[in-house]
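The values are calculated or read from the model by the stated rules, or taken from the named source; none is laboratory data. Because the structure is predicted, anything quoted here is derived from the model rather than measured. Here the Cβ positions follow ideal geometry from the backbone for every residue, glycine too, while neighbour counts run over all protein chains shown. Ligands, DNA and RNA are stripped out before the accessible areas are found, and what is left, the full protein with its side chains, is counted by its heavy atoms. Shrake-Rupley method; radii C 1.70, N 1.55, O 1.52, S 1.80 Å.
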Amino acid sequence: MNSQLSAAITLLPLFLLLLSNFHTALADPLAEFCNKDNAKLNPGSSSRLAKLLSQLVAKAPADGYYATSSGRGRNKVHGLAQCRGDAAAKDCSTCIADAADQIARRCPGLPDGRIWYDKCFLRYSKTNFVGKLGNSPAVIFFNAENVTDPETFNAKLAGLEDEVRSQAVKPGSKGIGKGETKLLPPSAETIYAVVQCTRDLAAADCGRCLAAAVGYFADYCENKKGCRALLDGCYARYELYPF
């Protein structure tokens with residue numbers, strides 16, 4: 001299915017880049033965003049960033065999530081890493097290690113960066129973003145093929161999206177919601193959906209983030225067989241195959 005994927009990347013908030021025949025592997029990120037609008041990190045912050053990334057690599061896999069900071073004053077750097085809710089511990093560990101390595105290479109000396117993989121997300125910044133829902137860049141991937149019965153498909157998808165979003169904001173859910181629903185004959189296909197917020201967000205902010213993520217489906221993925229929206233604080237995905 002990956003050979004049929006197209007992707008759209010929206011960056012703060014209206015820059016749009018279209019990619020085709022997008023392929024992914026564990027060592028290759030889905031996307032990254034390096035904030036080049038601010039001055040580079042000073043030497044003190046750069047050394048603290050290296051320490052922070054090593055802490056995320058060491059501690060995030062144990063629970064699939066970890067947020068921390070390193071340094072003091074103007075040298076302080078904040079970071080967060082989280083794995084997909086269904087990622088095995090070994091895959092989580094490998095993914096976060098790759099993310100830390102690649103974000104250091106791709107955002108060298110910059111004060112704010114994030115990187116998305118299929119199974120994990122990592123972000124750092126000199127500004128304390130943990131627990132806050134900000135103006136997030138978004139990365140959107142969509143299947144190039146259209147469904148055959150858009151009216152029925154979209155009605156079923158809307159109901160499923162509401163269901164998984166409701167799950168994600170419940171206490172104890174760790175921000176995860178997932179489900180599936182069958183389409184009516186003659187297709188009898190199944191739509192699979194999953195959403196997940198970063199675990200630093202309160203339920204209300206998780207709900208707002210997911211609403212924004214699902215909103216991109218209508219903007220970029222109307223009538224498509226699959227779509228994935230990745231934001232700083234959450235992601236949402238649906239497909240016609242198990243993932």
With x for Gly and Pro, the residue-by-residue ³J(HN,Hα) of the range 119-125, computed from phi through the Karplus equation 6.51 cos²θ - 1.76 cosθ + 1.60 at θ = phi - 60° and given in whole Hz, is 10, 7, 9, 9, 9, 9, 6
Taking Cα atoms, the helix 203-220 axis meets the longest principal axis of the chain at an angle in degrees (rounded to 10) of 60 degrees
Here the convex hull volume per residue of the chain, taken over Cα atoms and given in Å³, is 114 Å³
In the neighbourhood of L240 defined by beta carbon distances under 14 Å, the net charge of the other residues (Lys, Arg +1; Asp, Glu -1) is +1
For D149, the accessible surface traced by a 1.4 Å probe with all protein chains present amounts, in square angstrom to the nearest 10, to 80 Å²
Between the Cα axis of helix 150-168 and the main Cα principal axis of the chain, the angle (0 to 90°, nearest 10) is 40 degrees
Note to self: with every protein chain in place and a 1.4 Å probe, the range 32-92 gives an accessible area per residue in Å² of 53 Å²
Tilt, helix 89-106 to longest principal axis of the chain (alpha-carbon atoms), in degrees rounded to tens, equals 60 degrees
So the carbon and sulfur contribution to the accessible area of the range 126-243, 1.4 Å probe, in percent, is 52 percent
